[in-house]
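Only one structure is covered here, and it is reproduced in the block below.
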Amino acid sequence: EEVGVKGETSWLEAMKLCAGDARYKGALGSYGERKEAFKVFVAELTKQERIEGILKIRRARTDFVALLEEALSSEDFSVRSLADCKETNRLKVEMDPRFKALPDEKEKNDVIQSFFLERERLAKEEKKRERKKRMMALQILLGKLAGDNPELFHPKMNDSSLEKALASHPEFSALDHIDRALVYEDWRVEEERLAAEERAKEKERRKMKMKEERSMFRKGVQGLLESQVISINDVYEDVEAKMVDQDWYCAENKEMEREGLFLDVVGAMIDSAKEFRDPFNSVCKELSVAITPTSAYEDFTAKCKAKLTAAGMEEMYIRVIFDYLLQKSIDKEKKHKKRLERGKVAFFDLLHRKEIIASSTWEDVLAKKLDTRSAFLDLEELVGKEGVQSIFDEFVSSLKEKDDHLGKRKRDSVEPVVEGPPEEGELEEE
């Protein structure tokens, strides 16, 4: 390095340059080692020179681009080459040292061409940004006018109506007809989207309000049940009058299905009382108390409340289970009555078909083996054999009453012969 060895220096030239230096032979003992050290040095030096050359060209290229930007900034964007530029600008570029610092003409032409293409691209992008900015300004204006006066500016307006309404605004005149039409379409789409979002939000608000009011109604009904103002056996129409004056009734809400909510609360209370059914039944069995259709809650609690309370039951659940079993007993009695009525009809039909008349007796029924027929057996299952006999007696009595009624009508229909006074001729003959 000290004697000026370069990357293109040969080994022989290097030996001549270094032979007079004591370090030539002192540092490395053999000829081969000295030659190998020379090769490593030259390779490293060549690499460094190559890197420096590349960096130099890059700097020259960057400086050249900076020169073009400085000298040609006033040129029209339609210019595509240095030859098309103004004479003063072209000379300014060619006389600058940075122009000459890039020695390769092909590379220099490539940089110039790339510069003009990039300049044109940036100009187009800037033009697009300006156009988009003007279009956005008109769309913002439309949104503001629609917000201030929705009756005059609305998405259903046609383009001609919008043109007339916007003609006095600078945002309108900043765009051509085609761009304005695109803005109108985008504005309509945006307004529809915002309207759809608002409808969705309003729907969600109504849904949340409905949910809150339903919850309030449930809690209100539960409060009336717990305070025993109403019972689980009440029909909704009969107790609605007790609710209409309450705030939680929400009278202005016409969509709420109050009867369904009422039944849901009643069902939930019955379900919550199920865990107390066994101790309730045990106390009733112990005290020999049966819940019938005529049972009264006051009479029941007078006999059983103390033991039920001792068993850990709250009064609310005592009332719920009592009302539930009372209604169950009433339903069972109604069902029994319906079955009995159907059984009597079938049994009477059987008696008619087997020619049982008013003078027939119970022995006639047995003699005709009607007690083996299904109509008889079904009725017997409901009321027993004695009950069936009582129903038979009722049937026979009705036939007798019918016969007596028919006989009376026949007697009343026969008119007696009434003789009138004798005529004069008859009296003379006599």
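Given the structure, is Glu163 assigned to a helix (DSSP H, G or I), open to solvent by less than 80 Å² (accessible area, probe 1.4 Å) and within 30 Å of Val79 (Cα to Cα)?
So Glu163 does not fit the description; no.
Quick one: count up the residues across the stretch 222-255 that are in contact with a Phe, Trp or Tyr (Cβ under 7 Å, 6 or more places away or on another chain) and in contact (Cβ under 8 Å) with a residue 40 or more places away in the chain.
1
In the stretch 127-135, is there at least one residue being closer than 30 Å to Leu182 by Cα, of a type in the set (Asp, Glu) and open to solvent by less than 80 Å² (accessible area, probe 1.4 Å)?
Yes: one or more hits.
Listed here are the residues, each with its yes/no results for (1) open to solvent by less than 50 Å² (accessible area, probe 1.4 Å); (2) of a type in the set (A, V, I, L, M); (3) not in a loop (DSSP other than H, G, I, E, B).
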position	(1), (2), (3)
Ile291	yes, yes, no
Val320	yes, yes, yes
Lys332	no, no, yes
Gly343	yes, no, yes
Ala346	yes, yes, yes
Leu351	yes, yes, yes
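When you scan the stretch 311-323, do you find a residue that is modelled with pLDDT under 90 and in contact with a Leu (Cβ under 7 Å, 6 or more places away or on another chain), even just one?
There is at least one residue in the stretch 311-323 that is modelled with pLDDT under 90 and in contact with a Leu (Cβ under 7 Å, 6 or more places away or on another chain).
Here is a check on your reading of the model: is Asp264 within 30 Å of Gly147 (Cα to Cα) and in a helix (DSSP H, G or I)?
When the stated conditions are applied, Asp264 does not pass them.
Residue pairs, Cβ under 7 Å, 6 or more apart or interchain, first in the stretch 355-381 and among the polar types (S, T, N, Q), second assigned to a helix (DSSP H, G or I) and surrounded by 12 or more Cβ atoms within 10 Å (Cβ to Cβ). List them.
Cβ pairs passing all conditions: Ser360/Val396.
Considering only residues that are basic (Lys, Arg) and free of Cβ contacts under 8 Å to residues at least 24 places away in the same chain, look in the stretch 171-208 and name the one that is farthest from Gln139 (Cα to Cα).
Per the criteria, the residue is Lys207.
Could you tell me whether Phe99 is over 30 Å from Leu12 (Cα atoms) and surrounded by 15 or more Cβ atoms within 10 Å (Cβ to Cβ)?
Taking the combined requirement at face value, the residue satisfies it.
For residues that are loosely packed, with under 14 Cβ neighbours inside 10 Å and either touching a residue at least 12 places away in the same chain (Cβ under 8 Å) or in contact with a Pro (Cβ under 6 Å, 6 or more places away or on another chain) (or both), scanning just the stretch 45-58, find the one that is farthest from Asn109 (Cα to Cα).
This residue is Thr46.
Listed here are the residues, each with its yes/no results for (1) outside any loop (DSSP other than H, G, I, E, B); (2) within 30 Å of Asn253 (Cβ to Cβ); (3) out of contact with any Ser or Thr (no Cβ under 8 Å at 6 or more places or on another chain).
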| position | (1), (2), (3) |
| --- | --- |
| Met135 | yes, no, yes |
| His154 | no, no, yes |
| Leu182 | yes, no, yes |
| Ala200 | yes, yes, yes |
| Gly223 | yes, yes, yes |
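Could you tell me how many of the residues in the stretch 73-93 are open to solvent by 30 Å² or more (accessible area, probe 1.4 Å) and either basic (Lys, Arg) or in contact (Cβ under 8 Å) with a residue 12 or more places away in the chain (or both)?
So the answer is 7.
Being charged (D, E, K, R) and free of Cβ contacts under 8 Å to residues at least 24 places away in the same chain is the filter here, so list the residues in the stretch 130-148 that pass it.
Within the stretch 130-148, Glu130, Lys132, Lys133, Lys144, Asp148 meet the criteria.
Of all residues in the stretch 166-180, count the ones that are surrounded by 15 or more Cβ atoms within 10 Å (Cβ to Cβ) and assigned to a helix (DSSP H, G or I).
Of the residues in that region, 5 qualify.
Select from the stretch 226-241 the residues that are closer than 16 Å to Leu263 by Cβ and open to solvent by 60 Å² or more (accessible area, probe 1.4 Å) and list them in ascending order.
Matches in the stretch 226-241: Val235, Glu237, Asp238.
Those residues that are part of a helix (DSSP H, G or I) and surrounded by 12 or more Cβ atoms within 10 Å (Cβ to Cβ), I need them from the stretch 367-380; list them, please.
Across the stretch 367-380, the qualifying residues are Leu370, Asp371, Ala375, Phe376, Leu377, Asp378, Leu379, Glu380.
The values are calculated or read from the model by the stated rules, or taken from the named source; none is laboratory data. The shown structure was predicted, so the numbers you read here are calculated from the model rather than taken from an experiment. Here the Cβ is made from the backbone with ideal geometry for all residues, glycine too, and neighbour counts use every protein chain on show. Side chains included, ligands, DNA and RNA excluded: accessible areas come from the protein's heavy atoms. Shrake-Rupley method; radii C 1.70, N 1.55, O 1.52, S 1.80 Å.
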